[in-house]
Amino acid sequence: MDKNITLPKMPRGQGSFFIHNERNKIGYRKNFTLPNGRKIKKTVYGDTIDECLLKMKNVEKDIDNNVNITKQLLYEAMINWAEIAKKPTLKIQSYERLMQIINNQIKQSNLGNMSYQKITSDDIQEFINSVNDDGYSYSVIKKCYYALKAFFDYTCLRDNVPNPMLLVVMPKKINVYKEDKEIVWFEKDDIDKFISECQRINKYSNAYKYKHGLMYAANIYLGLRIGELLALQWKDINFEKNTIAVTKTMIYKENPKHKKGDKNEPRFIATLQKSNKTNQNRYVPMNSKAKELILKYRETFDTVKQNDYIMTTKNNTIVDVRAANNTIKTIQKNAHTFVQNASSHTLRHTCASLYFRKGVRIEIIAKILGHTPEVCRRVYIGLVEEQLQEAASLLVPVIEI
């Protein structure tokens, strides 16, 4: 499609043309009033203006012939709904996750290929149950359930029709066959081994063996998500107050230019988005150990500018999330830790475990990690129970008096 194409301005009431950058298409949008009085908006896409005009002309014919043009497969309707109603309100990462659920679970199912107007509560319940039967985790089942609920809440209110989701129930977690991934973290011996390996000097170059190893070691005491760690700039660190401002994260989203088999355009592209799940300013405390490691890391640079990203490649681009995780796995393997297959999550969970074992209140831990207390309790239930057992053991002598 010619990017420099001039789009015509249509007469009032005849709709409008626009460029859809992600689809790399021309879009033509027009409002209609159906025979029953309901107003709808239809959008068609094409490579040329003439193609769009022809497609819209066919839509007009269907309306004139009283054809039910709103008949649409569920997955197609959900893609349109996600783009029109959800994309403006969601963060990039949340939108990408929603699209993954639609494309990977709903589109591949019998439910996704049914006309959404004919779907019943039983149809949806069978689908939800089948996701469990197929061995997906509780998290995936929940995402499917709430994606369908949000879609039908929207369309049923819009069309003033009964909502089939009202009778659909979400399976209890205890009835989900696939267990969630076990949360693992480094104990003290593994922490020492990992940090020691991160500080290893290359005997041939007299430089650190792992370019960003000191930052990975510091994250044991910071607990940042890997995207948040990679998105840090020097200006985010306050060495006087010993705090780090977490304002953004690096994520990957689908590349709209990628086509299957195309090696020139990657399937996913990196982008930055605000890191603010709880809509509050988030500052992570930097203890003396983390500060010492970060200062050592800073000494490896000839010059440091406040706007520079802390972790960059030779080409001065932000480090790739997958590359970072691969490096962490390599460090863990070479450190011979007891915990195997470590990832950035292992470092984050280790930080949480240190806070829990110091008796820090869960509300404070949640704020530091960027969770809500409810999510923190659910994710770190084992550590919460450990805290309760510690508290109970302190009460035993009192009770026995």
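The set of residues in segment 160-191 being part of a helix (DSSP H, G or I) and more than 31 Å from the chain's Cα centre (by Cα) consists of D189 alone.
Residues are listed down the side, and each one gets a yes or a no for (1) in a helix (DSSP H, G or I); (2) touching a Ser or Thr at 6+ places or on another chain (Cβ under 8 Å); (3) not assigned by TED's automatic domain parsing to the domain that holds C144; (4) not small (G, A, S):
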{"residue": "I79", "(1), (2), (3), (4)": "yes, no, no, yes"}
{"residue": "A82", "(1), (2), (3), (4)": "yes, no, no, no"}
{"residue": "P88", "(1), (2), (3), (4)": "no, no, no, yes"}
{"residue": "R97", "(1), (2), (3), (4)": "yes, no, no, yes"}
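Is it the case, given these coordinates, that Q93 is touching a strand residue (DSSP E or B) at 6+ places or on another chain (Cβ under 8 Å) and either assigned to a helix (DSSP H, G or I) or not β-branched (V, I, T) (or both)? Here the answer is yes, as Q93 does meet what is asked.
Residues satisfying the criterion are present in segment 106-118 (criterion: more than 30 Å from the chain's Cα centre (by Cα), without any contact (Cβ under 8 Å) to a residue 24 or more places away in the chain and either surrounded by 15 or more Cβ atoms within 10 Å (Cβ to Cβ) or within 30 Å of P171 (Cα to Cα) (or both)). A single member of E240, E265 is surrounded by fewer than 16 Cβ atoms within 10 Å (Cβ to Cβ) and farther than 30 Å from H20 by Cα, and it is E240. Here is a list: N66, N113. Which entry is modelled with pLDDT under 85 and more than 21 Å from N255 (Cβ to Cβ)? Residue meeting the stated conditions: N66.
Okay, residues lined up against (1) touching a Ser or Thr at 6+ places or on another chain (Cβ under 8 Å); (2) in contact (Cβ under 8 Å) with a residue 40 or more places away in the chain:
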| site | (1), (2) |
| --- | --- |
| Y283 | yes, yes |
| N287 | no, yes |
| E292 | no, no |
| T300 | no, yes |
| Y309 | no, yes |
| V319 | yes, yes |
| A335 | yes, yes |
| S344 | no, yes |
| I362 | no, no |
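Residues that are under 22 Å from N281 (Cα atoms), of a type in the set (D, E, K, R) and surrounded by 20 or more Cβ atoms within 10 Å (Cβ to Cβ): does segment 328-349 have at least one? Checked segment 328-349: at least one residue is under 22 Å from N281 (Cα atoms), of a type in the set (D, E, K, R) and surrounded by 20 or more Cβ atoms within 10 Å (Cβ to Cβ). Go through the residues of segment 197-214 one by one and say whether even a single one is of a type in the set (D, E), at pLDDT 95 or above, part of a helix (DSSP H, G or I) and outside the structural domain of T120 (by TED's automatic domain parsing). Looking through segment 197-214, at least one residue is of a type in the set (D, E), at pLDDT 95 or above, part of a helix (DSSP H, G or I) and outside the structural domain of T120 (by TED's automatic domain parsing).
The values are calculated or read from the model by the stated rules, or taken from the named source; none is laboratory data. Just so it is clear, the structure is predicted and the values come from calculations on it, not from any experiment. When we count neighbours, we look across all protein chains shown, and the Cβ atoms used for this are built from the backbone with ideal geometry, even at glycine.
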